[in-house]
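What follows draws every value from the coordinates through simple rules; no lab data is involved. Please read these numbers as outputs of a predicted model, since none were measured by experiment. Cβ atoms come from the backbone with ideal geometry, glycine included; neighbour counts cover every protein chain shown.
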Amino acid sequence: MKKYKNCQSCGMPLSRDEKGGGTEMDGTKSSVYCSHCYEGGVFTLPDITATQMKEKVSEKLTEFKIPKFLHGFFTRGIPNLERWKKS
């Protein structure tokens with residue numbers, strides 16, 4: 001499986017994940033998704049859409065006091081991530 005630098009669901013740099021990444025069903029670390037999006041081999045928000053994920057990430061950026069004008073820069077690529085390509 002390909003190793004990514006960013007979560008392929010929300011776009012967060014995997015190096016910034018406090019848990020070191022999400023987990024597969026067998027407990028191994030995911031090299032594709034972060035711990036916020038993927039635990040135990042399943043998505044934490046299985047029914048969320050790419051548009052809703054962009055909104056959720058934008059809310060998180062606000063919490064971290066990232067200036068609003070940068071939100072688009074950080075969220076524009078979300079629909080192109082692996083999770084969303086399938087739908």
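Some notes on this structure:
- Per-residue [θ]222 nm for the chain (sum of -39500 (n - 2.57) over DSSP H runs n ≥ 4, rounded to 500): -7000 deg cm²/dmol
- For the chain, the longest principal axis of the alpha carbon atoms and the long axis of helix 50-63 meet at an angle near 70°.
- Of every Cα-Cα pair in the chain, the percent that sits beyond 16 Å: 51
- Within the same chain, lysines fewer than 8 places from residue 68 are excluded, and of the rest, those with a Cα less than 28 Å from its Cα are 5, 19, 54, 56, 60, 85.
- The length gained by stretching the chain between residue 42 and residue 2 to full extension, at 0.36 nm per residue less their Cα-Cα distance, is 12.6 nm.
- Length gained on full extension, residue 82 to residue 50: 10.4 nm, using 0.36 nm per residue less the C-alpha separation.
- Summarising the amide proton neighbourhood of residue 39: residues at separation of 5 or more, or on other chains, whose placed amide H is nearer than 5 Å comprise 23, 44.
- Length released on extending from residue 60 to residue 29, taking residue separation times 0.36 nm less the Cα-Cα span: 8.8 nm
- Around the Cα centre of the range 14-85, unit charges on the Cβ atoms of Lys, Arg, Asp and Glu (plus for the first two, minus for the last two) sum to a dipole of about 400 debye.
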